[in-house]
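K.L.:
Input: one structure, supplied below.
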Amino acid sequence: LNLSKIEAGELKLKESEFDITQLLLSCMLTFEQEIEKKEIGIVGFENMKTAVVCADRDMIYQVVYNLIDNAVKFTQQGGEIEVSAERKIGGSVIVSIKNSGEGIDSEEISRIFERFYKVDKSRSYDNKSAGLGLYLCKTIIDMHNGKISAESEKGSYTKFSFELGSQQKN
């Protein structure tokens, strides 16, 4: 529904300043049961510093939710998810969510942000997916004049990162 509104130009950004590290933490907590069930280790929060961004909080929450959802889904039993939010020189903030696991083939990594694209159509536990989650993430980050990217090493990890402009606290 949000995607239809965005594409029709009906959904406008409601920007405000917020700490994206707190958003990452609160979003991660929504997956607590699945994380515990799969015995996934979560690392990165212990080293995170406050990172204030000026963005549409609800839309960025949707991006983070989709990325964490994928990370939890595709992390193997007993695997690990690593999160980070780092301020770059110049003030922008890069958020990364990296999970251990099967990874994505190099031929497919360039297509994962396409509408309706699914990496492995045969994965039975992901058969509810329409292939719109990462497309929605890219669309939202584009609306914020940001960048989103993915990297993966087959049999090892997948990492999604996005960059947003930020506002320094006074």
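All of the numbers you see were taken from the coordinates with simple rules; none came from a lab. Everything numeric here is computed off the predicted structure, so don't read it as measured data. Reconstructed Cβ throughout: ideal geometry from the backbone, glycine too, with neighbour counts over all protein chains shown.
K.L.:
Could you tell me the calculated FRET efficiency between D69 and E36, based on Cβ-Cβ distance and R0 = 22 angstrom, to the nearest 0.05?
P.N.:
Here the calculated transfer efficiency is 0.90.
K.L.:
Taking 0.36 nm per intervening residue step and subtracting the Cα-Cα distance, what contour gain separates S26 from E86 on full extension?
P.N.:
19.8 nm is the gain from fully extending S26 to E86.
K.L.:
So which aspartates and glutamates pass the test for K14, namely a Cα distance under 12 Å, with those fewer than 8 places away in the same chain ruled out?
P.N.:
D56, D58
K.L.:
Apply the a/c threshold of 1.5 to the C-alpha gyration tensor of segment 28-98 and tell me whether it is rounded, prolate or oblate.
P.N.:
It comes out prolate by the Cα gyration axes.
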